[in-house]
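The structure under discussion appears below in the form of structure tokens.
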Amino acid sequence: MTQPVGADQSANEIFETDQTFEQLGLSPPLLRAIEEMGFEHPTHVQAQLIPLALKGRDILGQSKTGTGKTAAFGLPILQSLTEEDAFGALILCPVRELAIQVAHELRNLGRHTNLKVVPVYGGQRMTVQIPKLKKNPQIIVGTPGRVMDFHRRGILPYDQVKFAVLDEVDRMLDIGFRDDIRRILGGMRQKHHTILVSATIMPEIERLAGQYLDKPEFLTLEASSLTVSQVEQHYFSIERWDKNRLLVHLLKHEEPELTLVFCRTKQTVDALTDFLNRKKIEAHAIHGDLHQGKRNRVMAKLRSGELSVLVASDLAARGLDVDDISHVINYDLPEDPEIYVHRIGRTARAGRKGVAWTFVTPEQGHLLTNVEKVANIQIDRSDYEDFEPGPVPQAVRIERERASEREAAARVTQSRETTAPPTTKESKDDDRFPGGIVPTSMPSKRMGGRLRTRRR
Ligand code: ADP
Ligand code: MG
């Protein structure tokens, strides 16, 4: 349908192509894992952050979604800790999926070390997580609530922490974890290193850094967004009642491999998932109301490649990191440009290509323009040739007729208001009214009386 754009120029924008992980000073067990995972060059944020963290500096690092921040803070920690360092690293994440995922990535990177990584998060029974903590793992990755809970129970000490990390600080603050963060960081009295990473930096994050970081190094990687350069982005102009049909059409005709469909509300997520299933498309819903077991099952299916369409709300998809998402479809255009960038960042991970399609209703033109302006991208329009828009639903037709009548009426009223009262000769409009007689009042009844005008 369309040609991928910007795929070639992108490698340099993401990777430090003239650098290797060896040059960053990483140890052989880590280098082996990195090689096995197929990482060739460090990303920009990795190239900058890793050497500083290995030197023991406190860091506030900003770089966009999908630029490899997990390995950037994870590798130095894996290198610096030994088996004796029980509870030596505490990594805080905004949501459980992210905690699971960061733990997964760290286990992978640390596969040739003897360090244990344990994720702790709400939604899973404490009895599942407690025995793991009792084994004195070196690295804990958790959401703030559960971390504090375990801390209060005395099974997650802070006093041995050598590395404290806040991942996705901007999201943490969005979600409202300010006090929790302060309580946790404030609870570490011993000397330790602190690393904050975030896709965006706002004054509050700088204040946090000022308070909890020791002579911090600020890294801002303004380099063009990976997301933007790697994702082929298009929008479809579509009436809202045609969205479902267009979605089915795209899924059936384009056969995208693994598709993530974003909706604004969980009601839409559920309704749309049902609709796709009725159309014989295997789709699964993921949103905040699903219990953890179900979420984990859906995620496992997704990772193993069994599932081809996942319908998600923004919160549920936060931090969702599945490598092979080929398409992101914005069923609902988000109002916040950052959410748009975050959503499409779910595809095209670390150098791969991805496709993002966005449904835009005629009323949403200005929202789309805003996304383009703020995210500094251009989203081209795409038309789907064989797709026939459906008829305008009756309710909409009636509503539109009413609206256009209201508009016409408003115009009439306005022109009356701006025209001087036709009492003088000059006010006669010879061009428009033959004979120069300008009507001074409205006809008493028009259009079946449905027209309402503002009368004085
Ligand atoms: P961020 O936290 O910046 O959004 P992640 O740490 O989640 O990004 O990394 C995104 C993806 O890129 C992950 O799948 C990760 O395994 C992969 N990745 C990280 N660093 C590299 C690298 N140097 N080369 C290739 N892939 C990488
Ligand atoms: Mg991350």
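No lab work stands behind these numbers, since they all come straight from the coordinates. No experiment lies behind these values; they were computed from the predicted model shown. Note that we place each Cβ from the backbone using ideal geometry, even for glycine, and neighbour counts take in every protein chain shown.
I'm a student and want to see the number: the projected area of the Cα convex hull of the range 1-159, averaged over all directions, in nm².
11.5 nm²
Please list, in order along the range 32-39, the HN-Hα scalar couplings obtained from phi with the Karplus expression 6.51 cos²θ - 1.76 cosθ + 1.60 (θ = phi - 60°), rounded to whole Hz, x for Gly and Pro.
Residue by residue, the range 32-39 yields 5, 4, 4, 5, 5, 7, x, 7 Hz.
Using amide H atoms built 1.01 Å from N in the peptide plane, name the residues 5+ places from V328, or on other chains, whose amide H lies under 5 Å from its own.
Those qualifying (amide H under 5 Å, at least 5 residues apart or on another chain) are L260, V355, A356, W357.
State the volume of the convex hull built on the alpha-carbon positions of the range 81-145, expressed per residue in Å³ and rounded to an integer.
Once divided by residue count, the hull of the range 81-145 is 74 Å³.
Which ³J(HN,Hα) values, rounded to whole Hz and listed in residue order, are derived for the range 121-133 from phi using the Karplus coefficients 6.51, -1.76 and 1.60 in 6.51 cos²θ - 1.76 cosθ + 1.60 with θ = phi - 60°, glycine and proline given as x?
Couplings: 7, x, x, 10, 4, 4, 5, 7, 8, 4, x, 5, 5 Hz.
Going down the table (K243/K279; K280/K353; K162/K215), which pairs top 19 Å between alpha carbons?
Flagged as over cut-off: K280/K353.
List, in order, the whole-Hz ³J(HN,Hα) value for each residue of the range 333-342 obtained from phi through the Karplus relation with A = 6.51, B = -1.76, C = 1.60 and θ = phi - 60°; use x for Gly and Pro.
Those phi angles translate into 5, x, 7, 8, x, 5, 5, 4, 5, 4 Hz.
If we sort 159-166, 276-283 on the protection proxy, mean other Cβ atoms within 10 Å, highest first, what's the order?
159-166, 276-283
Packing-wise, with mean Cβ within 10 Å as the measure, how do 123-132, 136-145, 89-98, 295-304 rank, highest first?
89-98, 136-145, 295-304, 123-132
What does the highest-first list of 167-174, 46-53, 333-340 look like by mean Cβ count within 10 Å?
Descending mean neighbour count gives 46-53, 167-174, 333-340.
Once amide H atoms are built 1.01 Å from N in the peptide plane, which residues 5 or more positions from R264, or in another chain, come under 5 Å H to H?
For R264, the qualifying residues are D332.
Evaluate the relative contact order of the range 228-381 (contact order divided by residue number), counting alpha-carbon pairs under 8 angstrom at least 6 apart; express in whole percent.
With pairs under 8 Å counted, the relative contact order is 36 percent.
Rg/Rh for the range 228-381: what does it come to with C-alpha atoms and Rh from Kirkwood?
Taking Rg over the Kirkwood Rh, I get 0.93.
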